[in-house]
1. Quick one: how many residues across segment 46-64 are at pLDDT below 90 and either surrounded by 13 or more Cβ atoms within 10 Å (Cβ to Cβ) or in contact with a Pro (Cβ under 7 Å, 6 or more places away or on another chain) (or both)?
2. Consider Phe17 carefully, then state whether it is surrounded by 11 or more Cβ atoms within 10 Å (Cβ to Cβ) and either touching a residue at least 60 places away in the same chain (Cβ under 8 Å) or touching a His at 6+ places or on another chain (Cβ under 6 Å) (or both).
3. Among the residues of segment 20-59, count how many are touching a residue at least 24 places away in the same chain (Cβ under 8 Å), among the polar types (S, T, N, Q) and in a loop (DSSP other than H, G, I, E, B).
Amino acid sequence: MYGVLVIGAPGAGKSTFCAGLQDVFEQIGRPHVTINLDPANDYLQYDSTYDIKELITVEDVMDR
């Protein structure tokens, strides 16, 4: 099992990279899991297997 952690500044292309990587994995039949850990990201270019927004909101994070 392998993992890829994608981090970077806003607008750096993280979502575009993840969408492209997910497309490649689907084309070659490679099982994969995609996790969104950014509660402020309202628009994802890919389907997320797990999404932190199901547990917390950006307002919850800002209040702390």
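1. First pass over segment 46-64, keeping only residues at pLDDT below 90: 46-47, 56-64.
Filter once more, keeping what is either surrounded by 13 or more Cβ atoms within 10 Å (Cβ to Cβ) or in contact with a Pro (Cβ under 7 Å, 6 or more places away or on another chain) (or both): 46, 56-58, 61.
Total satisfying the criteria: 5.
2. Numbers: surrounded by 11 or more Cβ atoms within 10 Å (Cβ to Cβ): yes; either touching a residue at least 60 places away in the same chain (Cβ under 8 Å) or touching a His at 6+ places or on another chain (Cβ under 6 Å) (or both): no.
Taking the combined requirement at face value, the residue does not satisfy it.
3. 2
The values are calculated or read from the model by the stated rules, or taken from the named source; none is laboratory data. On a predicted model such as this, the values are computed, not experimentally measured, just so you know. When we count neighbours, we look across all protein chains shown, and the Cβ atoms used for this are built from the backbone with ideal geometry, even at glycine.
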